[in-house]
Amino acid sequence: MKAFAALVDRLSTTPGREAKLILIGAYLDRAPDPDRGWGLAVLAGDLDIPRLKAAAAKALILDRVDRELFALSHAYVGDLAETVALLWPKPPVLPKPPTLSDVVEAARLLPREELMDRLTGWLDGLDATGRWALLKLLTGGIRVGASARLARAAFARWAALEGAAVEAVWFSRKPPYPALFTWASGGEAPDVENQIALRPFMLASPLEDLERARLDLAEYAVDWTGDGIRAQLVSSGGDTRIFSREGEDITRGFPDLVAALDFEGTLDGDLRLLTPEGTPAPFAALEKRLTRETVSKAMLATLPAHARLHDVLFDGGEDLRPLPFRVRRARLEAWHGASPRPHLDLSPLVGVADWETLDRLRAEGGTDGLRLKRWESPYVGGPTGDWILAKRPPLSINCLLMYAQRPARGGARPPTEVTVGVWKGADLVPLGKTIPDLTEDEGKRLTQWILDHGRERFGPVRAVDPELVMEITFESVQASPRHRAGLSLRLPRIRQIHWDMPAKNADRLETLIGLM
Amino acid sequence: MRADPEHWLRVTPRGLYCPVGDFYVDPTRAVDRAVITHGHADHARRGHGAVLATRETLAIMDARLGSVQGAQPLDPGETVSLGGVTVSLHPAGHVLGSAQARLEYRGARVVVSGDFKRRTDPTCAPFEVVPCDVFVTEATFALPVFRHPDPATEMAKVLDSLALFPGRTLLLGAYSLGKAQRLIALARAAGYDAPIYVHGAVAKICALYERHGVALGDLHPVPEGNNRLAGSLVVHPPGTLGEDGPHRFADPLVAMASGWLRVRGQGWGRRADVELPLIISDHADWDELVATLADVGAPRIWITHGREDALVRQATLMGLEAKALSLIGRDEGKEDAP
């Protein structure tokens, strides 16, 4: 458990992909079997264990620490599991710390009461980082700082195996993956029990990176990109999986879609939830499907999942990827047929004769933008230039600067993050944070302005007089009950600072509501 | 009759003042006579008329602030009388030369801890428990979530990283007085005997430590200009490399040592630009603070800078009388060194 906790702790502060691969490799080198298999399963998002409530950990700590000291600590730390991990008193006798296998096996097999009994002994045996990882693992809040795909890539690198070969067999194996480790140590490659495999997604290049004059629109099929997320739907031998663009297995969140998919093979599409009116639901609702352990009947009934399909990679065992899109689209249409299907449809093609039409459509359209696919192109992983994304131009709004976070190393340098807000009646309501990307001069001017207009400080964050107008661009606005404004901006960025604009000219919340 | 320290020791805008002896302890502005506990910038300021401190602290002040006028060195345990108040200095274990100030007047004993820690530190004398009636304590990490791990296991992370990433320069940010020398000593104790590259401000204090008998091994100045130093350890005060500084090195791996890094979440927690956080501090953690309250046996606890509410609560649970002094001029948000 200690090695695993140290790895997760370290990954959480390590930004570089290469460094993460090395750290995971070092863990696989050092940790014994089957611990390392379980550790890999956590990283790859393949571990399925029932969860304890964080409140259970709170009850344990209140038996051991003064209530007032707990309250002061919790207020400072914020996170309950972390507070308990840090506060846990050192026992008079240190028991042997648990292994990750101990923890995973107990969590899978034992009834909750017995698991709680074990938990106390485990917390006694571990250090603060180990207790933190343990509580996060058991309460389902562990963030590993590595995507599932990166974890698989790290395994492949460590085992000196082809990444694609690992991806092809991974999803038919179960943790702690004994067959994969046998393979890694020079043994036989595991049998593939079915055709479940994640294939590399074909990606679109931004239109802005390309020269329009060199493109002939007549060579492209055009459709709308979805409001939801890109997904790969794979079905083989009675097993169905849904993978996100990031390579995560997100099947669990979409039982309705899985039940509706009557296709053997691999499809590419945009995943979203539909309201009773048949329009796409806000992204926040989709996020719930992605993060909840179980999807309630109510969620399934009120906002059903829907996949808008736009490509096909495999038809049964037949690899269609080398064929031109023209042929793949025809195969997709032939399978789907004319009659509507629940939870699925085909992305309709949009007639676009010239660039003026394209620019008008993408500015008016409700979704992210338009996707252009060259009719003659095969399906190839990654960006090839054969698919093009014509994004909707960003929206913009005038906000007021509310808070600025100063850089960690102090000194007169621009803030690392700012919080902006808009008027709601006579009050300001924060919209969200953005990282300022300013010229050196603007940065200096902003730094000085914050010094001159600073109010109270909260650690590194300083509240400022609500007087500076910043023009913020963003891609879309969505309802979000978690935010005080009741909505959130997607990809907010500072376009310009309006040094002389009066504060009262900043926009009002109603303007944003109108843009939803 | 004992003179209640409330009557001969008080908080003023310039810091803790003893009107009977007419001196300040660690004043925040220039005063006529100051007792200085240690050499960090927010305790040792320039311009005092006379300064009473340990020999090491005076040497540090000389090196950092220029020649100290009216310097009066005091050996550990040696006493001096200032207007009837008996003053002595006792090791605090914080940095080289750091001391607690013991003040005695008409039978009442006050110990001002300054900054202190209880952990073993080969670069300075260990904290001495000095029994007293009033213990004036720091409270930088006075919240029970702050319990520093064993510094040796933290330093092992540095050596492990150097081995795992031979192509990267490990930039270890640490305050130039105290923390930097302690980290170098910890690396040496862990068996790291390669040259360590030190920034100018660090080098100056390292030389001073070595003159006082603290061995730090093979130290080199950081070369000017673009140098890669792949696989090497560089110790520098945070912020001194400048905006482009890190780019001078080979794929730099930024490490930082601070007690604040214990908490990942809010405020002064984990920093986005630190890849390898090390929880190493020269301040007492919660367990050390609580143990010290018990050890010194003072029925009254005065709390200077830090978060006093939790420590007041803890002292009350221990049957002690505690209050916060609200000294100004100590920036608790600042890195825990000064």
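Here are a few things to note about the model shown:
- Residue match in segment A:8-19 (condition: open to solvent by 40 Å² or more (accessible area, probe 1.4 Å) and closer than 25 Å to A:GLY459 by Cβ): yes
- Taken over segment A:58-71, residues that are within 15 Å of B:ARG147 (Cβ to Cβ) and either at the interface with chain B (Cβ under 10 Å from one of its Cβ atoms) or in a helix (DSSP H, G or I) (or both) amount to 4.
- In the condition set (1) within 30 Å of A:ALA153 (Cα to Cα); (2) open to solvent by less than 40 Å² (accessible area, probe 1.4 Å); (3) out of contact with any Phe, Trp or Tyr (no Cβ under 7 Å at 6 or more places or on another chain), A:PHE70 is compliant with all but (1).
- Test: residue in segment A:448-457 that is at pLDDT below 90, buried (at least 16 other Cβ atoms within 10 Å of the Cβ) and of a type in the set (S, T, N, Q): no
- Hey, A:SER172 open to solvent by less than 30 Å² (accessible area, probe 1.4 Å) and more than 30 Å from B:LEU278 (Cα to Cα) or not: yes
- If the condition is being of a type in the set (Ser, Thr, Tyr) and more than 13 Å from A:TYR220 (Cβ to Cβ), then segment A:358-385 contributes A:THR367, A:TYR379, A:THR384.
- Residues that are hydrophobic (A, V, I, L, M, F, W, C) and touching a His at 6+ places or on another chain (Cβ under 8 Å) do not occur anywhere in segment B:143-154.
- Residues in segment A:121-135 include none that are surrounded by fewer than 20 Cβ atoms within 10 Å (Cβ to Cβ) and without any contact (Cβ under 8 Å) to a residue 12 or more places away in the chain.
- Residue match in segment A:357-371 (condition: acidic (Asp, Glu) and open to solvent by less than 30 Å² (accessible area, probe 1.4 Å)): no
- Here A:LEU119, A:LEU115, A:LEU110, A:LEU80 are screened, and the one residue that is within 14 Å of chain B (Cβ to nearest Cβ) and modelled with pLDDT of 90 or more is A:LEU80.
- Tally of residues being within 10 Å of chain B (Cβ to nearest Cβ), under 22 Å from B:ARG262 (Cα atoms) and either among the charged types (D, E, K, R) or assigned to a helix (DSSP H, G or I) (or both) across segment A:1-21: 5
- Tally, over segment B:91-118, of residues that are touching a residue at least 24 places away in the same chain (Cβ under 8 Å) and surrounded by fewer than 22 Cβ atoms within 10 Å (Cβ to Cβ): 7
- Pair list, Cβ < 6 Å and 6+ apart or interchain, from segment A:62-86 residues that are closer than 16 Å to B:ARG313 by Cα to residues that are exposed (fewer than 14 other Cβ atoms within 10 Å of the Cβ): A:ARG64/A:PRO89
- Cross-chain or 6+ apart pairs with Cβ under 8 Å, segment B:138-167 first and away from chain A (no Cβ under 11 Å) and under 29 Å from B:ALA322 (Cα atoms), then part of a helix (DSSP H, G or I) and open to solvent by 50 Å² or more (accessible area, probe 1.4 Å): B:ALA139/B:GLU308
- Considering segment B:1-92, the qualifying strands (runs of 3 or more DSSP E), each wholly inside and each with 3 or more residues that are under 27 Å from B:ARG106 (Cβ atoms) and not aromatic (Phe, Trp, Tyr), run over B:10-12, B:15-18, B:33-35, B:50-53, B:79-82, B:85-91.
- Checked across segment A:479-487, the condition of being assigned to a strand (DSSP E or B), surrounded by 14 or more Cβ atoms within 10 Å (Cβ to Cβ) and of a type in the set (Ser, Thr, Tyr) holds for no residue.
- Inter-residue pairs, beta-carbon under 6 Å, first facing chain B (nearest Cβ under 7 Å) and in segment A:408-422, second at pLDDT below 85 and buried (at least 20 other Cβ atoms within 10 Å of the Cβ), 6+ apart: A:ALA408/B:ARG271; A:ARG409/B:PRO238
- Contacts under 7 angstrom Cβ, first residue in segment A:454-473 being more than 14 Å from chain B (Cβ to nearest Cβ), partner exposed (fewer than 14 other Cβ atoms within 10 Å of the Cβ) and not in a strand (DSSP E or B), 6 or more apart: A:VAL469/A:ASN505
- Test: residue in segment A:434-444 that is under 11 Å from A:LEU400 (Cα atoms), in a strand (DSSP E or B) and either hydrophobic (A, V, I, L, M, F, W, C) or not assigned by TED's automatic domain parsing to the domain that holds A:LEU286 (or both): no
- Single condition A:VAL222 does not satisfy, out of (1) at pLDDT below 95; (2) open to solvent by less than 70 Å² (accessible area, probe 1.4 Å); (3) of a type in the set (A, V, I, L, M, F, W, C): (1)
- Elements of type helices (runs of 4 or more DSSP H) contained in segment A:140-203, each with 3 or more residues being more than 21 Å from A:ILE242 (Cβ to Cβ): A:148-159, A:178-184
- Test: residue in segment A:261-270 that is at pLDDT 90 or above, in contact with a Gly (Cβ under 7 Å, 6 or more places away or on another chain), at negative phi and not in a loop (DSSP other than H, G, I, E, B): yes
- Selection from segment B:5-39 of residues that are open to solvent by less than 20 Å² (accessible area, probe 1.4 Å) and of a type in the set (A, V, I, L, M, F, W, C): B:TRP8, B:LEU9, B:LEU16, B:CYS18, B:PHE23, B:VAL25, B:VAL31, B:ALA34, B:VAL35, B:ILE36
- Single condition A:GLN232 does not satisfy, out of (1) crowded, with 16+ Cβ neighbours inside 10 Å; (2) modelled with pLDDT under 90; (3) assigned by TED's automatic domain parsing to the domain that holds A:GLU264: (2)
- As a summary of the residue check, A:GLY385 satisfies the conditions (1) within 25 Å of A:PHE283 (Cα to Cα); (2) in a strand (DSSP E or B) except for the one numbered (1).
- Any hit, segment A:22-38, residues being more than 27 Å from A:GLY78 (Cα to Cα), without any contact (Cβ under 8 Å) to a residue 12 or more places away in the chain, open to solvent by 40 Å² or more (accessible area, probe 1.4 Å) and outside any loop (DSSP other than H, G, I, E, B): yes
- Qualifying residue in segment A:146-153 (condition: within 26 Å of A:ASP102 (Cα to Cα), open to solvent by less than 30 Å² (accessible area, probe 1.4 Å), at pLDDT below 90 and not assigned by TED's automatic domain parsing to the domain that holds A:HIS310): yes
- Criterion violated by A:ILE497 - all others in (1) closer than 18 Å to A:LEU400 by Cβ; (2) in a helix (DSSP H, G or I); (3) in contact (Cβ under 8 Å) with a residue 12 or more places away in the chain; (4) over 26 Å from the mean Cα position of the chain (by Cα) satisfied: (2)
The values are calculated or read from the model by the stated rules, or taken from the named source; none is laboratory data. What you see is a predicted model, and the numbers here were worked out from it, not measured in a lab. Cβ sites come from the backbone with ideal geometry, for glycine too, and all protein chains shown count toward neighbours. Each accessible area value is taken on the protein alone, full model and side chains, heavy atoms only, with ligands, DNA and RNA left out. Shrake-Rupley method; radii C 1.70, N 1.55, O 1.52, S 1.80 Å.
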